[in-house]
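I have placed the structure first, in the form of structure tokens, so that the comments after it can refer back to it.
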Amino acid sequence: MTGLPRVALITGAGSGIGRAVALKLQGAGYDVVLVGRREAELKKTEVQASSGGGGFLVAPADVTDEAAVKAVFEQTRARFGRLDVLFNNAGTYAKGVPLDALTLDEWQRVVGVNLTGPFLCAREALRIMKTQSPKGGRIINNGSISAQAPRPFSAPYTATKHALTGLTKSISLDGRADNIACSQIDIGNAATDFTAKMAVGVPQADGSVRIEPRIDVSHVADAVLYIANLPLDANVQFMNVMATAMPYIGRG
């Protein structure tokens, strides 16, 4: 793909990790499609564009809405002609309650965003990547280290991130014949609004509440850019990026 413009689509691009990754890729020359439910927040990402970088396309959409997802990918193909990288980043979590106090609505809401959303986006990305010329591309899923070491009262989040690992492996296998690579980056304690409570203390497996160290979100953006820039004959299947001193190794 030497000489061709590179195009990336990022979900959850209006804040946190998604915004940081969007700005990092745009600054590196990618044209970036910004996807998220809140158009105003996507536009805040857009105005932070680096001069001399790629372009932005603001494409508001709910990743759980099949028709909206299809429309975003059709917009992407119409505007840029191809898609090289999908970063499945949009995610959410349920209220921290014991499993027996969890409502079905809360469970389904988390499953919709964290699992159905990545499926819908990956499906549309595959359809473009298989038919473009030259064909191929890369899908990067934002997983979580919680998939392997759960936090207390986090069943919906943990279950969906564990399932996302299976989706990552399946995409890797099913995309192989069409030069489509799939990676998963599992992030521990990036400093975003999502992890703000860690700065004041969060429940631990032993029943205590402790402050946890966090890392600057730029480290995550650097990691995603590294994976995105790999040639398609090389892949990082799984990567952990985490605060060194967080209670993950040995959690519980």
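Values quoted throughout were computed directly from the atomic coordinates according to the rules given, and no laboratory measurement underlies them. Here the structure is a predicted model, which means the values were calculated and not measured. So basically every Cβ, Gly included, is an ideal-geometry build from the backbone, and we count neighbours across all protein chains shown.
If you place +1 on the Cβ of every Lys and Arg and -1 on the Cβ of every Asp and Glu, how big does the dipole about the Cα centre of region 1-116 come out, in debye to the nearest 20?
The calculation lands at about 420 debye.
Taking amide H positions as placed 1.01 Å from N in the peptide plane, with prolines and chain starts having none, which residues 5 or more places from N240, or on another chain, fall under 5 Å of its amide H?
Result for N240 returns D186.
Between region 22-68 and region 164-238, what is the C-alpha centre distance in whole Å?
19 Å
Restricting to DSSP H runs of at least four residues, report the calculated mean residue ellipticity at 222 nm for the chain, -39500 (n - 2.57) per run over all residues, nearest 500 deg cm²/dmol.
Computed mean residue ellipticity for the chain: -11500 deg cm²/dmol.
Evaluate the distance, in nm, between pseudo-label points positioned 7 Å from the Cα of S133 and of D193 along their respective Cα→Cβ axes.
Distance between the two pseudo-spin positions: 4.4 nm.
For A190, enumerate residues with amide H under 5 Å from its amide H, sequence gap 5+ or separate chain, H modeled in the peptide plane.
I215
Would you pull out the residues with amide H under 5 Å of T92's amide H, same chain only if 5 or more places away, H placed 1.01 Å from N?
So T92 has HN proximity to N114.
Per-residue HN-Hα couplings for region 18-26, Karplus 6.51 cos²θ - 1.76 cosθ + 1.60 at θ = phi - 60°, whole Hz, x for Gly and Pro?
x, 5, 4, 5, 4, 5, 5, 5, 4
Between (1) 54, 53, 49; (2) 55, 35, 35; (3) 57, 43, 33, which matches Cα extents along the principal axes in Å calculated for the structure shown?
Label of the calculated value: (2).
Restricting the count to DSSP beta bridges whose residues both fall in the chain, what percent are antiparallel, rounded to a multiple of 5?
Of all bridge pairs located within the chain, approximately 5 percent are antiparallel.
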